[in-house]
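Shown next, in structure tokens, is the structure this report addresses.
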Amino acid sequence: MIPGASDYGPGLRRGGPTTYNRVLMSYYEHHIFFCLNQRDNGEACCAQHDPQAALDRCKSRVKAAGLAGPGGVRVNKAGCLDRCAGGPVAVVYPEAVWYTYVDAADIDEIVDSHLRDGRVVERLLLPASVGR
């Protein structure tokens, strides 16, 4: 480990005399972003589906499961993710898995299956063809 690297996260390693490489580690194992975007012109948007409640539920479940924090899961809100027609949407990184959801049970399944156990929830996947 390079001096001071811990200030920037666990994944920095010396790559050579003057270069640094990222190893297969990240500060968080997963990020999940919930679109909270509101459109004022009447177009479809995620805010029409109360995504704040889903984000709050996800945060609560992640914390209760002991998954929150460095090396675990970070739950974030996002502006428009440009997948409005499939809203509400959430995306999990680093896998770039896009979900749509309907209720609290869907959020629970994403937390338990994907964020905790590493299994994609196939039934909630947002088709690649769905855009704005």
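The values are calculated or read from the model by the stated rules, or taken from the named source; none is laboratory data. Values in this document were obtained by computation on a predicted structure and should not be read as measured data. Every residue, glycine among them, receives a Cβ derived from its backbone with ideal geometry; neighbour counts consider all protein chains shown. These area figures cover heavy atoms from the full protein model, side chains too; ligands, DNA and RNA do not enter into them. Shrake-Rupley method; radii C 1.70, N 1.55, O 1.52, S 1.80 Å.
Taking the 1.4 Å solvent-accessible surface of region 51-132 as the whole, the part contributed by carbon and sulfur is 51%. Among the chymotrypsin sites (Phe, Trp or Tyr not before Pro) within region 62-132, not one is in coil by DSSP while having at most 12 neighbouring Cβ atoms inside 10 Å. Restricting the GluC sites (Glu not before Pro) of region 43-132 to loop positions (DSSP other than H, G, I, E, B) with no more than 10 neighbouring Cβ atoms within 10 Å leaves 43. In the context of the full set of protein chains, residues of region 39-106 present 50 Å² of accessible surface per residue (probe radius 1.4 Å, heavy atoms only).
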